[in-house]
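K.L.:
This structure is in structure tokens; I'll ask about it shortly.
The values are calculated or read from the model by the stated rules, or taken from the named source; none is laboratory data. The structure presented is a predicted model; accordingly, all values stated were derived computationally and were not measured. FYI the Cβ positions are ideal-geometry reconstructions off the backbone, even for glycines, and counts take in every protein chain you see. With ligands, DNA and RNA removed, areas are computed over all heavy atoms of the protein, side chains included. Shrake-Rupley method; radii C 1.70, N 1.55, O 1.52, S 1.80 Å.
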Amino acid sequence: MTKEQINKAPAENFAKEEWNPLVDYFWDRYNKRYFDQIEILQNHPDFEIRNNCGYLIATIDCILIETLQQYYSGTDESEGKNQDPFLLFFQRASAFKKVIADRGDAGKFAGLIRSGLLHQSKTKKASVINKNSKTPILGWIDKTDKDKGFKLNRDKFHRCVYSEYKKLIKELRKKENADLRKNFKLKLITIVE
């Protein structure tokens, strides 16, 4: 992929000849580096590896959420506070709308889950990550005391992140999304430069 190929794709419409290589590059990049690797962990023959990779998967998903938002905003790095990319992600992904209602909730997620995982290799407060089928995709430990943290089902959460990447590709193809295509190109250029 080259900067010239990216610039050739018109933002005004989804011209397949110019856009398909960009979409393929995007999809291959994140599948091969992240999604395929997570699938290997989730299906690993060794029970200990398969059972104990939830924190790693959730950490990668946090990175992928921030990166996905950069494609929507056309930036090389996340802008604003730590919670901003998460708030925008949670607002776009319908599975989270009942849990993350506002900037404060997104801030709690960014602090208790994202920052805990990325900077201290743990979740904070009473937050837990598991694969118990009764654990929601994302929920509060105690709805009356949000400071206690979150419960997160690693598999359900990851499926949602994966589906949001697929959704971005669908959105790029829609005629009315010229601004999204423009922003997508801006982010993609930062990767190939």
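K.L.:
Can you pull out the residues in the stretch 112-143 that are closer than 18 Å to A95 by Cβ, among the charged types (D, E, K, R) and in contact with a Lys or Arg (Cβ under 9 Å, 6 or more places away or on another chain)?
P.N.:
Listed by number, the list holds a single entry, K131.
K.L.:
So, restricting to helices (runs of 4 or more DSSP H) that lie completely within the stretch 40-108, which ones have at least 1 residues that are within 17 Å of the chain's Cα centre (by Cα) and of a type in the set (A, V, I, L, M)?
P.N.:
Counting at least 1 such residues, we get 54-73, 83-92.
K.L.:
Take the stretch 38-59 and flag every residue that is free of Cβ contacts under 8 Å to residues at least 60 places away in the same chain and in contact with a Lys or Arg (Cβ under 6 Å, 6 or more places away or on another chain).
P.N.:
Answer for the stretch 38-59, where residues must be free of Cβ contacts under 8 Å to residues at least 60 places away in the same chain and in contact with a Lys or Arg (Cβ under 6 Å, 6 or more places away or on another chain): just H44.
K.L.:
Which of the residues spanning the stretch 177-193 are over 12 Å from Q69 (Cα atoms) and either basic (K, R) or open to solvent by less than 70 Å² (accessible area, probe 1.4 Å) (or both)?
P.N.:
Passing the criteria: N177, A178, R181, K182, K185, L188, I189, T190, I191, V192.
K.L.:
Within the stretch 108-120, restricting attention to residues that are of a type outside the set (A, V, I, L, M) and closer than 17 Å to L64 by Cα, which residue is most open to solvent (accessible area, probe 1.4 Å)? Steps first, please.
P.N.:
In the first step, residues of the stretch 108-120 are kept if they are of a type outside the set (A, V, I, L, M); the result is 108-109, 111, 114-116, 119-120.
Then drop every residue that is not closer than 17 Å to L64 by Cα, which leaves 109, 111, 114-116, 119.
Numbers: F109: 0, G111: 26, R114: 27, S115: 16, G116: 0, H119: 131 Å².
Here the answer is H119.
K.L.:
If a residue has to be assigned to a loop (DSSP other than H, G, I, E, B) and surrounded by fewer than 17 Cβ atoms within 10 Å (Cβ to Cβ) to count, how many in the stretch 137-176 make the cut?
P.N.:
The total comes to 8.
K.L.:
Given the criterion of a type in the set (D, E, K, R) and over 17 Å from the mean Cα position of the chain (by Cα), identify the matching residue among E193, E164.
P.N.:
Criteria check complete, one pass: E193.
K.L.:
If A101 satisfies all but one of (1) of a type in the set (G, A, S); (2) buried (at least 17 other Cβ atoms within 10 Å of the Cβ); (3) at pLDDT below 95, what's the number of the condition it fails?
P.N.:
All conditions are met except number (2).
K.L.:
Could you identify the single residue in R92, R154 that is under 17 Å from D61 (Cβ atoms), at pLDDT below 95 and charged (D, E, K, R)?
P.N.:
Step by step, each of R92, R154 is checked, and only R92 is under 17 Å from D61 (Cβ atoms), at pLDDT below 95 and charged (D, E, K, R).
K.L.:
Oh, and also: Give me the pairs, please: first residue somewhere in the stretch 20-37 and more than 18 Å from C62 (Cβ to Cβ) and in contact (Cβ under 8 Å) with a residue 40 or more places away in the chain, second residue anywhere and open to solvent by 60 Å² or more (accessible area, probe 1.4 Å) and assigned to a helix (DSSP H, G or I), beta-carbon distance under 9 Å, and either six or more positions apart or on two chains.
P.N.:
L22/Q5; V23/R173; Y25/Q5; W27/K166
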